[in-house]
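J.: The structure that follows is given in the form of structure tokens.
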Amino acid sequence: MISTSNPSLRRLLNRKIGLVTLLCWLACIAPAAARDLRIAVQQGKSQVAVGSSTTAQILDGSGKQLGQLPALQGYFASPANGAITLADQQAWRLIVKPTDGGFVYIDDQWYRGTVSLIHTSKGVTAVNNVDLEDYLASVVGKEVYKDWPAEVLKAQAVAARSYALYKSQSSKSSFFDLGDSQTYQVYGGVNGEAPSTHAAVQATAGQVLTYGGKIINASFHASSGGHTENSENVWSGALPYLRGVEDFDQAAPKYQWTKTLTAMEAKQKLSGLGNIIAIKPLGKTFTGRITNVEVVGDRGSRTMTGREMRTALGLNSTLFEVTPQPGLVASQSGSTAPTGFQITGKGHGHGLGMSQWGALGLAKQGKTYDQILQHYYQGTALSKGES
């Protein structure tokens, strides 16, 4: 066992009382088994803290038991000589498998199922092998508020289940199906779960959205700013079930937003162009989202997509307008540039599929989860099982 002076490991050992309570209520609401997903919860780390709520087996990649982890004791998993080392055990891949339904601890989070620790060229990758329905109970609690109406939670559960299965069918990694961040859908292990999220998952058990008999790419976002978008205006192809529809997200905290950039901030964020003289939209979608924009500086100009501009400036969406601020500053070339830019926009996210705040608005109108899903995913069917 290593020193417990490390903050993550110290927190692990200090959670014994809270963990007992957690185990009690989670055991009562655990859903029936379905299928497993492989979720990357850490990637390319120099080391990860590892523990288990119960005694855990340490297995190699073939399933052979190499040793054990004592309950509620912390260790580091680290790369060494092309392998992973954990608690004096070493292999290219190590699997931590708790006994008696225990949980695995990885860097300050608890997870159901097992965790594989894999050596990669970038370091340690930790992959949680978890039951799909358990995974969804956490995703729902991380993607929307746990105390939102049950119909919203159920709609989120079906969308997340469909998205997970769709993405797992086309995963580009041989190690995992999905990550745990917003790039995929947010997953926080046991921390994301609540009785309400388990209830939503159980109430919709096995239900997925299909189009033409196939599971759809059920993308979702926080809020659209009044109207969702057609897929071909965000991605490269048109999907018949991702059509722009009226949204009901007016209560969203980022339904409208404003961001101000000073001249120096604009110069730094849009680097290589000198002082920024103008930001000119070149194209918009039918909802007003920016598709292309020209950035003009005193050292040159650049054409960017709306998504590139959103990333560069840290904007909430591509539904925005740019207004130069009053006053001018002199540039090295002798020309003048605005003292800054005010950006006003709407919505939060890419605007495709279900708007989470819009789903809340529809639920408050009395809509059921299937009606919410049918609104945002045009022409789909609510089906049972994988397709």
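The values are calculated or read from the model by the stated rules, or taken from the named source; none is laboratory data. Computed from a predicted model, the values in this text were never measured in an experiment. Heads up, the Cβs are rebuilt from the backbone with ideal geometry, glycines too, and the neighbour counts pull from every protein chain shown. Ligands, DNA and RNA are excluded from the accessible area calculation, which covers all protein heavy atoms including side chains. Shrake-Rupley method; radii C 1.70, N 1.55, O 1.52, S 1.80 Å.
J.: For the chain, with every protein chain kept in place, what is the accessible area per residue (1.4 Å probe, Å²)? All intermediate terms of the calculation are to be shown ahead of the outcome.
T.: Values: 16700 Å² over 387 residues.
Normalised by residue count, the accessible surface of the chain is 43 Å².
J.: Say the dipole of region 170-252 comes from +1 at the beta carbon of Lys and Arg and -1 at that of Asp and Glu; which of 176, 234, 194 then lies farthest toward its positive end?
T.: 176
J.: So, with +1 on the Cβ of K and R and -1 on the Cβ of D and E, and no other charges, what is the size of the charge dipole of the chain about its Cα centre, to the nearest 20 debye? Spell out each step's value before the answer.
T.: Working: 35 positive and 27 negative charges, 99 e Å.
Taking the Cα centre of the chain as origin, the dipole is about 480 debye.
J.: Can you send over the carbon and sulfur percentage of the accessible area for region 57-215, probe radius 1.4 Å, protein chains only? Can you show the working numbers first?
T.: Working: 2720 of 6000 Å².
Carbon and sulfur together cover 45 percent of it.
J.: Also, quick follow-up: Pairs of alpha-carbon atoms within less than 8 angstrom and 6+ residues apart define the contacts here; what relative contact order does the chain have, in percent? Provide the component values of the computation, followed by the final result.
T.: Working: 912 pairs, mean separation 58.3, N = 387.
Answer for the chain is 15 percent.
J.: Follow-up question, since we're still on this one. Kyte-Doolittle mean at least 0.0 and Cα extent at least 24 Å along the axis: which DSSP H helices of the chain qualify?
T.: On the way: long enough: 150-168 (27 Å, 0.17).
Correct list, ordered by number: 150-168.
J.: Can I ask one more? Mind giving me the nanometre distance, one decimal, between the label points for residue 308 and residue 246, set 7 Å out from Cα along Cα→Cβ?
T.: For residue 308 paired with residue 246, the spin-label model returns 3.7 nm.
J.: Still on this structure: Could you give the Stokes-Einstein D for the chain in µm² per second, using the C-alpha Kirkwood radius, 37 °C, 0.692 mPa s? Write down the numbers at each step before the final one.
T.: Numbers: Rh = 23.1 Å.
Once the numbers are plugged in, D ends up at 142 µm²/s.
J.: At 1.4 Å probe size, with the rest of the protein present, what percent of the exposed accessible area of region 271-365 is carbon and sulfur atoms? Write out the running numbers ahead of the final one.
T.: Working: 2050 of 4180 Å².
The nonpolar share, carbon plus sulfur, comes to 49 percent.
J.: Considering only the other residues whose Cβ falls under 14 Å of the Cβ of residue 276, what net charge follows from Lys and Arg at +1 and Asp and Glu at -1?
T.: Details: positive: 267, 269, 280, 299, 302; negative: 265, 294, 298.
Local charge sum for residue 276: +2.
J.: Please list 3J(HN,Hα) in residue order for region 268-278, calculated via the Karplus relation 6.51 cos²θ - 1.76 cosθ + 1.60 where θ = phi - 60°; whole Hz, with x for glycine and proline.
T.: Each residue of region 268-278 in turn: 6, 6, 10, 5, x, 10, x, 6, 7, 8, 7 Hz.
J.: Around residue 175, with a cut-off of 13 angstrom between Cβ atoms, what is the net charge of the other residues, counting Lys and Arg +1 and Asp and Glu -1? Present the calculation step by step, with values, prior to reporting the outcome.
T.: Working: positive: 38, 93, 122, 172; negative: 177.
Neighbour charge sum, excluding residue 175 itself: +3.
J.: Another one. Name the residue from 303, 355, 366 whose Cα lies farthest towards the positive end of the charge dipole of region 246-375, charges +1 on Cβ of Lys and Arg and -1 on Cβ of Asp and Glu.
T.: 303
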